Structure formats: C-alpha cells, structure tokens
1. What is the one condition in (1) under 16 Å from the mean Cα position of the chain (by Cα); (2) of a type in the set (A, V, I, L, M); (3) open to solvent by 10 Å² or more (accessible area, probe 1.4 Å) that L186 does not satisfy?
2. Being within 30 Å of S62 (Cα to Cα) and of a type in the set (V, I, T) is the filter here, so list the residues in segment 132-186 that pass it.
3. Would you be able to say whether some residue in segment 217-229 is modelled with pLDDT under 95 and open to solvent by 10 Å² or more (accessible area, probe 1.4 Å)?
4. Please give the number of the condition H172 fails out of (1) open to solvent by 20 Å² or more (accessible area, probe 1.4 Å); (2) part of a loop (DSSP other than H, G, I, E, B).
5. For G286, are the conditions met, namely being of a type in the set (G, A, S), touching a residue at least 40 places away in the same chain (Cβ under 8 Å) and assigned to a helix (DSSP H, G or I)?
6. Going by what's in this entry, would L200 be described as open to solvent by 50 Å² or more (accessible area, probe 1.4 Å), touching an Asp or Glu at 6+ places or on another chain (Cβ under 9 Å) and part of a helix (DSSP H, G or I)?
7. Consider segment 70-89. How many of its residues are open to solvent by 40 Å² or more (accessible area, probe 1.4 Å) and in a helix (DSSP H, G or I)?
8. So which residues in segment 253-283 are touching a helix residue (DSSP H, G or I) at 6+ places or on another chain (Cβ under 6 Å) and part of a loop (DSSP other than H, G, I, E, B)?
Amino acid sequence: MQHCLPGTFFDAGRHFSVPGAAGLCAGCGWTFAAASAILFFMKEEKDKERLDKVLSNNGFGSRKSVRSLIRSGAVSVNGQTVLLPDAHVSVTLDRICVNGEEQRVIRHVYLMMNKAAGYVCSTKCGEHKTVFDLLDETYLGKYLGGTIAAVGRLDVDTEGLLVFTTDGSLNHFLTAPKNRIPKTYLVRLRDDVPPETQDLYTRKLADGIHIEADGQEAAADCLGAACSWLAPAECTLTIYEGKYHEVKRMFLALGNEVVYLKRVRMNGLELDPALAPGQYRELTGGELELLARRSDETAPA
C-alpha cells in the first residue's frame, strides 16, 4: 500500500476520497484537513497532464526518451497499455505503471531546513555558499509543479527555519505582504536589558517602531511586533512582514544590537529541534497543514 507522502500529495486520491472529511492516513499522518488546506492552494492547478510530461518530470529522462518508452508499450494507465505520449492522464486518480511498477506522481515537494550561518538563500553567489548547495540533487530537478525555491530569505548570518517548495501558490501565500504571516525569531542582544527597559522595548515594538535607512533600503515604519523576554539579553520576536534586515534594524532603533538571530517559526510551523544546522527533511502532513492554514494571529494593535 502506498501512503500519501508529502511529496506525493497529488497521488493521494486513493487515500483522501473526501477532502475535508475527518480522518487520518495511518501510514503517514496526513489528515483530511491537511488535504483541504493544500487543495485551497492547488485549486487552480489542472489535474490532467500529458503522459510524457508526467513521466519526464518523474525521473524517466527527456521528453524524447519518454516518448520512445511509451511507444514501446512499457507504460500502462489503469491497467491499459497506452502508446500515445500526448495522452492526458489524471495525476490524482489514474494508476500509472512503467514496466508493471506503479509510479508515485510527484507534483510538489515541501521541505524544512535548519539553515546554517554562512549560507545565502539565492541560487548563486560567488562569495558565499548557497542553501541549495545543501540539498540533495534529487530535489533540484524539475517536478511536475515546477522547480524548488526557498520561501522568503534569511540573511547570511541568520540561522533557523527555512522552507523550500515547488508549490508557487503556497510560496506566494506565505510571502505576500498583505497576508501578514507571523514569523518568530530567537534574538540575542549585545547589551543586557533590565526589566523596566524590557517593558519599554516590548511596548515600542508592539506599537510599531520606526527603522532608519539601511543601504539602499529606505527608512520605514514597522508593523507592531510581539516580544517575549527569556533572559536579560535574549527574547523571541514575532513579526508580520519581511522588510530588509528588519529585526536587526528594530533593535538598532532601540539602541541595542542583534548578535545572534534564528528563525524558529513560520505561521504555525515550528523548526524541528532535531535538525542540526544545515540539515533538512520533508514536511509531514500535519506540519504542512500548520504552515498552509490562514492564521488567526494578528500583529499587536
């Protein structure tokens, strides 16, 4: 029995026959609520795809070699041999076999990484290594839903939660400023902050602090942010936007300096503490549900 793995959601029709209904896949933990959450983002994606495109984007070579494979009679759909490369198949419902072996149709992948310091989030950089250098090459190919991309960016010296996906709709949802997705950071400061000043910091951050220009980035007024103190020089800060060097500039405006920064949460998804810096893994169904849902959390008024 194939389970509805995170990377094979669109082959999960045999598991999630009624999206949104209560239930759980015993094999992997994908809930029907998770199915509904992702279907929200996939509603505009077409279910029918050319057979040669499906196989080419699932590791069977170029379109030309896949067409030869299909015409050889090696491919069947729902038990029937298909000889036409341009035949359209349902990636959610049809059972596709190559040489008698059922194939997992992978439209999208979803990864979480504990980003290490010293890596940039762009695909190419001459001075620093990139986070894509840490990914296995199997994730760097083209999937049915597109190529993998990082969701937002973290500065080169910032660590913590970084999400990768081929799902452009989810990526847009999580990064569009209008959605005000909460992101929480662990912050360590240069100077200790006594209790009475902690209260002042917290109020100013909640009210929305003004940050000065940084290089080519103009000065700006930030949305309110939620600060919670852990120690005299350590706190968590939840922000609801993504301005350039925002957290660092916020504390600089308060007369302090960030010396360590780590993202620990995005929307409802928390960084897996078992991941060492530079390590990553696929999201579970429950984690993807937490990441994709519309949050009730709002910026401090």
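The values are calculated or read from the model by the stated rules, or taken from the named source; none is laboratory data. In this text, all values refer to a predicted model and were calculated from it rather than measured experimentally. Here Cβ is always computed from backbone atoms with ideal geometry, including for glycine, and neighbour counts include all displayed protein chains. Quick note on the areas: whole protein, heavy atoms, side chains included, nothing else; ligands and nucleic acids left out. Shrake-Rupley method; radii C 1.70, N 1.55, O 1.52, S 1.80 Å.
1. Result: L186 passes all but (1).
2. T138, T147, I148, V151, V163, T165, T166
3. yes
4. (2)
5. Considered against the rule, which asks whether it is of a type in the set (G, A, S), touching a residue at least 40 places away in the same chain (Cβ under 8 Å) and assigned to a helix (DSSP H, G or I), G286 comes out as yes.
6. no
7. The qualifying residues number 1.
8. Once the filter is applied, which keeps residues that are touching a helix residue (DSSP H, G or I) at 6+ places or on another chain (Cβ under 6 Å) and part of a loop (DSSP other than H, G, I, E, B), segment 253-283 yields L254, N267, G268, G278, L283.
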